[in-house]
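Following: one structure in structure tokens, then a few remarks.
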Amino acid sequence: MTTTRPRRSPSAPAPGVARRAWDAVTLLPRGAAAFAAATAGRGGSARSLLRVEAGPEVPRPGAVRVAGHALATVLLGALSLVLTGVLLLAVARGLFYGLVDQGPYDHSWGGPSRAGAWLAHFAVATPCAVATVAALYGITGLHERLTAPLRGERRPGWVLPAVLVCCAAGALFVVAFLRQLP
């Protein structure tokens, strides 16, 4: 049975960017709790943690299938955690640069004045923060497509490879970030 998600009507409000980004941030704990619930035999609780709403005519998936989707959700949640760290770092080093770094600003971007360094870091951090929020928004959409079979819908073929590639890229970013630390 192949079904598609109903399209939103033009008058229906789109979900807020902040809410969808927050959904991405909470994927790790929700995925871990859903995996625990699925392995304990509480598939309904696991599906509700994954925010999977299926119609009454859709057969309920088995515990193994729900647990597999929960593990994939944990992977996306770990990626979201990395992106959340990038967002926090961009805000701390951009918006609050003058409070985080007490100087001297002689060799700092925009230096030697504190105002110039603050402005330069803010100018670099703002697009980084916007891109990070957009990536978190995209992860929520990727998660919705990933869990489509639990709703009785067909999952596009590109979704699982995209999840794996994104998570591998996140892991490589973490390794590269940790290697550059003193």
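The values are calculated or read from the model by the stated rules, or taken from the named source; none is laboratory data. Note that the structure is a prediction, hence the values are computed from the model and not measured. So basically every Cβ, Gly included, is an ideal-geometry build from the backbone, and we count neighbours across all protein chains shown.
Here are the numbers for the structure shown:
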| quantity | calculated |
| --- | --- |
| Qualifying helices (runs of 4 or more DSSP H) (wholly inside region 64-182; at least 3 residues being surrounded by 15 or more Cβ atoms within 10 Å (Cβ to Cβ)) | 114-146, 159-180 |
| Count - residues of region 1-46 that are of a type in the set (D, E, K, R), out of contact with any Leu (no Cβ under 6 Å at 6 or more places or on another chain) and either at pLDDT 90 or above or in a loop (DSSP other than H, G, I, E, B) (or both) | 4 |
| Failed condition for W118, given (1) at pLDDT below 85; (2) closer than 21 Å to W22 by Cβ | (2) |
